[in-house]
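Reading through the structure tokens given below for one structure.
Read the figures in this text as sums done on the coordinates, not as results from a lab. None of these values were measured; they are calculated from a predicted model. Ideal geometry is used to build each Cβ from the backbone, glycine not excepted, and the neighbour counts take in all protein chains shown.
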Amino acid sequence: MGKRLIPPEPAEIHEVMLRDALEERYLAYALSTIMHRALPDARDGMKPVHRRILYGMRLLRLDPGTPFKKSAKIVGDVMGSFHPHGDQSIYDALVRLAQDFSSRYPLVDGQGNFGNIDGDGPAAYRYTEARMTAVAQLLLEGIDEDAVEFRPNYDGQSKEPAVLPGGFPNLLANGSQGIAVGMATSIPPHNVAELCDAALHLIEKPDAKSKALLKWVKGPDFPTGGIIVDSKESIAEAYMTGRGSFRTRAKWHQEEGARGMWTVVVTEIPWLVQKSRLIEKIAELLNDKKLPLLGDIRDESAEDVRIVIEPKSKTVDPELVMESLFRLTELESKIPLNLNVLVKGRIPKVLGLAECLREWLDHLRDVLLRRSEHRKAGIEHRLEVLGGYLIAYLNIDKVIKIIRTEDEPKPVLMKTFTLTDVQAEAILNMRLRSLRKLEEFEIRTEDKKLREELRGINAILKSETEQWAKVGEQVRRVRDLFGPKTPLGKRRTMFADAPEHDLAALEESLVEREPVTVVISDKGWVRTLKGQVADLSGLVFKTDDKLGQAFFAETTSKLMLLATNGRFYSLDVSKLPGGRGHGEPIRMFIDMEGDAAIVSLFVHKGGRKFLVASHDGQGFVVNEDDCVGNTRKGKQVLNVEMPNEAKTLTVVSEGNDSVAVIGDNRKMLIFPLSEVPEMARGRGVRLQKYKDGGLSDIATFTAKEGLFWRDGAGREFSATMKELAEWRGTRADAGRLPPKGFPKSNKFGRVID
């Protein structure tokens with residue numbers, strides 16, 4: 001018989017509230033992301049993966065000037081010893097540190113294909129090689145001299161630095177991007193010489209504010225150059241608060257061609273913009289006829305960026321061409337600033353410019369103190385050993401005899417010559433060949449030099465002033481290494497004010513100019529038909545809807561709409577839907593209240609005057625330009641309160657001197673136009689008096705020419721001022737029944753051109 005299997009006892013089950021479990025686990029995940037993945041340390045400006053890559057390269061002795069090693073070797077060592085999160089993430093980080101178009105001061109010197117500004121990826125890590133740059137060496141300087149704290153690696157088999165010594169202001173010089181849980185960081189790169197000058201000022205005046213440092217730090221300095229077009233005020237605000245953005249434009253110039261033709265050549269594009277994707281986007285807009293001023297675009301880049309843009313016509317303003325491109329493409333890019341960093345490696349906090357530099361300087365001082373203490377301990381140990389060597393030299397024969405004859409020579413030596421344990425151990429560990437070199441003069445010379453160095457170190461450790469002087473020397477050395485006259489240190493990004501352009505001309509430049517017919521249904525659905533379509537009988541409308549109004553316009557036209565709430569709204573014809581289907585409700589394009597309706601819709605021409613009036617018979621003359629609103633909410637012109645509403649609008653043509661008003665009560669009144677005031681906004685004055693009902697329609701005309709009106713069939717009628725004598729009066733009169741033949745609709749039948 002076989003053995004009877006006994007089932008294991010069930011494990012103890014703990015009941016945990018789902019909410020508590022989720023909170024605990026998500027908090028652990030959030031903290032891990034913030035601390036170990038997304039946010040850089042304010043002291044060395046690095047995330048753990050970058051720090052581990054550089055430390056791994058240090059262990060492989062990949063200093064500048066040494067032979068390159070395969071990236072695969074670096075990635076493998078870093079993953080095996082420090083960063084067990086996948087080779088791809090390590091290689092991606094390594095590649096970015098090597099790209100001179102991504103990093104302002106590359107930390108890795110790459111050999112092979114490390115990608116390009118077009119967005120092409122790097123070669124696999126088995127094909128590329130790397131070593132550190134001088135900048136990375138500065139960041140690691142002193143790491144073997146107890147400059148920073150070390151902590152156990154992920155498996156406890158070795159140790160890794162919690163932070164690098166950071167002799168280079170990497171946080172601001174190279175910048176950082178990262179998205180954590182509930183927070184993010186976005187730090188653009190800066191010019192290191194400017195940062196060092198600001199840091200030196202901060203050493204002299206520790207209480208200096210961010211605004212004072214802007215004397216040196218003008219703004220970001222991107223590896224790809226470009227031009228920042230923000231105002232000094234907005235830049236200052238960003239650096240003081242630690243949050244903001246920088247509006248960066250491509251750098252371009254005009255090149256003259258044959259027969260008066262010219263082209264625009266772009267030589268620098270905004271940071272982190274992929275050149276190939278940028279050109280694709282411009283080509284798409286060109287095909288979609290959204291860049292009517294452009295003729296063609298081509299990429300003539302080699303090692304340097306050279307994008308050639310040809311205009312459609314040589315008469316076009318190149319500034320306007322570029323403004324249209326800046327509006328629609330990544331040739332203008334907003335680069336955010338969010339100085340969210342880990343303070344002391346533990347606390348996520350948004351800092352200003354001064355606080356960021358202060359964190360770096362404080363770290364340099366801490367590193368200086370740690371290195372000084374380490375060196376002091378080394379000197380004291382060496383002095384102790386030298387003291388033992390001197391005693392051994394003076395008593396060499398006796399020392400040799402004790403070593404030869406005694407079974408345990410160490411305690412005998414210590415007792416005979418009053419040696420310390422360290423001195424006795426040093427004498428016993430001395431090689432025979434060293435006896436030949438042992439000379440009293442050399443021992444005393446080395447002793448003297450070390451004691452002088454020790455006095456200097458003690459002076460530094462005792463005086464804060466001396467410490468800051470040493471830190472200042474270190475900062476000056478970095479500034480001299482990467483000064484404005486060096487190829488790497490020269491500022492690449494410039495500053496300029498964005499040119500002011502006529503917005504109307506700019507809007508027009510973004511649209512192909514073509515004739516269209518605007519169609520509005522009775523229920524407010526709008527669409528445009530290509531060309532000037534006179535016959536609209538074939539148009540289909542939704543059930544219970546019909547043609548309300550139609551007129552000719554152009555794709556570059558701006559429409560104006562007066563609603564019953566007394567507001568004027570502006571619409572771009574280019575943004576209206578095409579003729580397929582039933583169109584879209586006009587409310588999709590403006591924020592018009594639900595109880596408001598269209599009074600009048602027409603093409604904006606500018607410079608005209610309108611007579612606007614409400615249902616209760618009040619109105620005034622207003623300039624067309626005063627009616628233009630630039631927001632979806634429109635512009636209040638005629639003040640009305642429910643149940644009163646805006647009722648009518650008519651154009652006051654040049655030479656018009658008379659007004660004809662007719663009410664719902666079918667009474668008409670004619671009076672001089674001079675009695676109606678011109679205003680920009682208000683209720684207006686009473687035009688006609690009513691016992692019941694309100695105003696139906698209004699018209700302006702010239703007395704010499706007489707009054708014209710149309711009936712429902714489109715037939716035109718007219719009457720001279722002599723024939724209209726009995727309807728003439730003054731503003732606010734009641735009027736009398738209209739002449740025979742006047743339309744029963746109580747409308748003059750006039751259309752706004």
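Brief remarks on what is shown
- Fewest-first ranking of 522, 397, using other Cβ atoms within 10 Å as the exposure measure: 397, 522
- With neighbour counts taken as other beta-carbon atoms within 10 Å, the residues 293, 172 rank, fewest first, as 293, 172.
- Shape analysis of region 199-342 yields a ratio of the Cα radius of gyration to the Kirkwood radius, Rg/Rh, of 1.09.
- For the pair residue 382 and residue 463, a Förster radius of 25 Å applied to the C-beta separation gives a FRET efficiency near 0.55, rounded to the nearest 0.05.
- If the chain linking residue 267 and residue 127 were pulled fully straight, counting 0.36 nm for each residue of separation and taking away their Cα-Cα distance, it would gain 47.3 nm.
- Per-q log10 I(q)/I(0), region 185-274, q = 0.20 Å⁻¹ (Debye; single scatterer per alpha-carbon; no solvent): -0.99
- Distance from the C-alpha centroid of region 42-67 to that of region 663-737: 87 Å, rounded to the whole angstrom.
- The relative contact order of region 47-162 comes to 29 percent, based on Cα pairs under 8 Å that sit 6 or more residues apart.
- Fewest-first ordering of 129, 23 by other beta carbons within 10 Å of each residue's beta carbon gives 23, 129.
- Shown in residue order for region 369-383 are the 3J(HN,Hα) couplings computed by the Karplus curve 6.51 cos²θ - 1.76 cosθ + 1.60 at θ = phi - 60°: 5, 5, 5, 5, 5, 5, 5, 4, 4, x, 5, 4, 5, 5, 4 Hz (x for Gly and Pro).
- In a fully extended conformation the segment linking residue 418 and residue 32 would gain 133.4 nm over its present Cα-Cα distance, using 0.36 nm per residue.
- Förster-model FRET efficiency, 51 Å R0, residue 15 and residue 92, C-beta, rounded to 0.05: 0.75
- With both labels modelled 7 Å from their Cα along Cα-to-Cβ, the residue 496 to residue 390 distance reads 7.1 nm.
- For region 532-614, trypsin sites (Lys or Arg not before Pro) meeting the loop criterion (DSSP other than H, G, I, E, B) and having at most 11 other Cβ atoms within 10 Å: 546, 580.
- Shape of region 601-672, Cα gyration tensor, a/c cut at 1.5: oblate
- Distribution of pairwise C-alpha distances over region 47-162, 5 Å bins, in %: 2, 12, 23, 25, 20, 11, 4, 2, 0
- Rounded to the nearest 20, the size of the Cβ-charge dipole of the chain about its Cα centre is 240 debye, with Lys and Arg at +1 and Asp and Glu at -1.
- 31 Å Cα-Cα threshold exceeded, pairs from 209/470; 209/281; 289/490; 314/558: 209/281; 289/490
- Over all projection directions, the Cα-based convex hull of region 557-629 averages an area of 5.5 nm².
- Total formal charge among the other residues, if their Cβ is under 12 angstrom from that of residue 232, Lys/Arg +1 and Asp/Glu -1: -1
- You can think of it this way: the chain between residue 284 and residue 430 has 44.7 nm of extra reach, that is 0.36 nm per residue less the Cα-Cα gap.
- 25 °C / 0.890 mPa s Stokes-Einstein diffusion coefficient of region 409-480, Kirkwood radius on C-alpha pairs, µm²/s: 155
- Listed residue (679, 619, 600) projecting farthest to the positive dipole end of region 579-696, Cβ model: 600
- All Cα-Cα separations within region 124-207 were binned at 10 Å from zero, giving a P(r) of 14, 27, 42, 15, 3, 0, each value a whole percent of the pairs.
- With N as its number of residues, region 605-753 has a Cα radius of gyration that, divided by 2.2 N^0.38 Å, comes to 1.01.
- Pairwise FRET efficiency - residue 639 versus residue 725, Cβ, R0 = 41 Å, nearest 0.05: 0.75
- Where only C-alpha atoms are counted, convex hull volume of region 362-481 per residue in Å³: 137
- The coefficient of translational diffusion for the chain, derived via Stokes-Einstein from the alpha carbon Kirkwood radius under 37 °C and 0.692 mPa s, stands at 96 µm²/s.
- Restricting the GluC sites (Glu not before Pro) of region 231-321 to loop positions (DSSP other than H, G, I, E, B) with no more than 15 neighbouring Cβ atoms within 10 Å leaves 300, 303.
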